[in-house]
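Visitor: This is the structure, below, for whatever I ask next.
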Amino acid sequence: MEQTSVDVQATIKEQVTGNPVVLYMKGTPQFPQCGFSATAVQILKACGVPKFFSVNVLMEPEIRQGIKDYANWPTIPQLYVNGEFVGGCDIMREMFQSGELQALLAPQGEAQA
């Protein structure tokens, strides 16, 4: 049975609010299926976040479209921290280079240590 867009939005909201760090990506953290998703995973690991909730949008086409609508952001990957949309790969890279992303994610690394 196909999910309605309302159901998809509810699922996404549940995912981003129910997990401290969520990455919507193509593939999995172990086997990313696009360069941008691979970079996003590497950045999270470099920030000391070894585990995070990920959603493989290639396996869930409703989520793939729904997440773009949810954040009003056209591309994947998408990172959420504490229920807030952070950005895609380029924004993650910029925030990592400035140290902003590490500061945002520091409590997550400590919580899982």
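The values are calculated or read from the model by the stated rules, or taken from the named source; none is laboratory data. Computed from a predicted structure; not experimentally measured. No Cβ is skipped: glycine too gets one built from the backbone with ideal geometry, and neighbour counts run over all protein chains shown. Side chains are part of the model used for accessible areas, which takes the heavy atoms of the whole protein and leaves out ligands, DNA and RNA. Shrake-Rupley method; radii C 1.70, N 1.55, O 1.52, S 1.80 Å.
Visitor: Between Ala46 and Lys13, what is the label-to-label distance in nm when each label sits 7 Å out along the Cα-to-Cβ direction?
Guide: Rounded to a tenth, the inter-label distance reads 3.5 nm.
Visitor: Can I ask one more? Which order do Tyr24, Tyr70 take by accessible area at a 1.4 Å probe, largest first?
Guide: Values: Tyr24 0, Tyr70 75 Å².
Largest accessible area first, the residues go Tyr70, Tyr24.
Visitor: State the volume of the convex hull built on the alpha-carbon positions of the chain, expressed per residue in Å³ and rounded to an integer. Spell out each step's value before the answer.
Guide: On the way: hull volume 10.6 nm³, N = 113.
Given the Cα convex hull of the chain, per-residue volume reads 94 Å³.
Visitor: Oh, and also: Just the number, please: percent antiparallel of the DSSP beta bridges in the chain, rounded to the nearest 5. Display every interim value, and only then the final one.
Guide: Values: 8 of 12 bridges.
In the chain, DSSP labels about 65 percent of beta bridges as antiparallel.
Visitor: Something else about it: Probe radius 1.4 Å, ligands and nucleic acids ignored: give me the carbon and sulfur share of the accessible area of region 22-87 as a rounded percent. Before the final figure, lay out the partial values.
Guide: Working: 1740 of 3260 Å².
Reported share for carbon and sulfur atoms: 53 percent.
Visitor: Then there is this: With +1 assigned to the C-beta of every Lys and Arg and -1 to the C-beta of every Asp and Glu, and no other charges, what is the dipole magnitude of region 45-89 about the Cα centre in debye, to the nearest 20? Walk me through the numbers before you get to the answer.
Guide: On the way: 4 positive and 4 negative charges, 43 e Å.
The dipole magnitude comes to about 200 debye.
Visitor: I would also like to ask the following. What's the Cα-based Rg to Rh of region 36-87, Rh via Kirkwood?
Guide: Details: Rg = 11.2 Å, Rh = 11.8 Å.
Rounded to two decimals, Rg over Rh is 0.95.
Visitor: At a threshold of 8 angstrom on Cα-Cα distance, excluding pairs fewer than six apart, so keeping six or more, what relative contact order does the chain reach in percent?
Guide: Details: 158 pairs, mean separation 38.0, N = 113.
After rounding, I find 34 percent.
Visitor: With a 1.4 Å probe and every protein chain left in place, work out the accessible area per residue of region 20-113 in Å², rounded to a whole number. Can you show the working numbers first?
Guide: Details: 4900 Å² over 94 residues.
For region 20-113, the solvent-accessible area averages 52 Å² per residue.
Visitor: What does the charge count near Met25 come to, summing +1 for each Lys or Arg and -1 for each Asp or Glu among other residues with Cβ under 15 Å from its Cβ? Kindly include the intermediate steps, with their values, before the conclusion.
Guide: Working: positive: Lys26, Lys45, Lys51, Arg64, Lys68, Arg93; negative: Glu60, Asp90.
Value of the local net charge: +4.
Visitor: If the elastic network links every pair of Cα atoms under 10 Å, which of Leu58, Leu79, Leu44 fluctuates the most in the Gaussian network model of the chain?
Guide: Per the Cα network of the chain with a 10 Å cutoff, Leu58 tops the list.
Visitor: Between Lys68 and Ile91, how many nm apart are label points set 7 Å from Cα along the C-beta direction?
Guide: 1.6
Visitor: Accessible area, 1.4 Å probe, largest first: how do Ile63, Ile91 sort?
Guide: Values: Ile63 0, Ile91 50 Å².
In descending accessible area the options line up as Ile91, Ile63.
Visitor: Could you tell me which of Thr4, Ile91, Pro32 has its Cα farthest along the dipole of the chain towards the positive end, charges placed at Cβ (Lys, Arg +1; Asp, Glu -1), taken about the Cα centre?
Guide: Among Thr4, Ile91, Pro32, the one farthest towards the positive end of the dipole of the chain is Pro32.
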